[in-house]
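Everything below concerns the one structure shown next.
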Amino acid sequence: MTGDLLPHFPLKDYQLVEVLENLISNAIEHNLSLPEEKRYILIRLSADDHTQRFSIENPADNVDLPLSELYKNGTTSKDGHQGLGLGSIQKTLSDYSIHFAGSRNHD
């Protein structure tokens, strides 16, 4: 069931699923590399009259690359393999004028 309160993302359903799957997989994979007491994932989906927002928060203790580097195609923080990549996600979202950003909180 859908209604006026549910967010509408302009990209195609399969693209939204691809983006969300990649971001959630990245968060899970990174969490598994941390001691159990440091693991957490916080996922938020919010919408109002003007803004739709999806966010994932998780610890990134072992990622030393600057965020700007992680958004470049071919860059990975993973050992031995690459996923879809944040650069590809950023490109997909920018094609639909969707803002994609990351931030770090060292506290």
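Take residue 100: with every protein chain present and a 1.4 Å probe, its accessible area is about 30 Å². Straight-distance candidates among the lysines for linking to residue 72, with alpha-carbon spacing under 27 Å and chain neighbours fewer than 8 residues away dropped: 12, 91.
The values are calculated or read from the model by the stated rules, or taken from the named source; none is laboratory data. Quantities reported herein were computed from a predicted structural model and do not represent experimental measurements. Remember, those area values only see protein heavy atoms, side chains included, never the ligands or the DNA or RNA. Shrake-Rupley method; radii C 1.70, N 1.55, O 1.52, S 1.80 Å.
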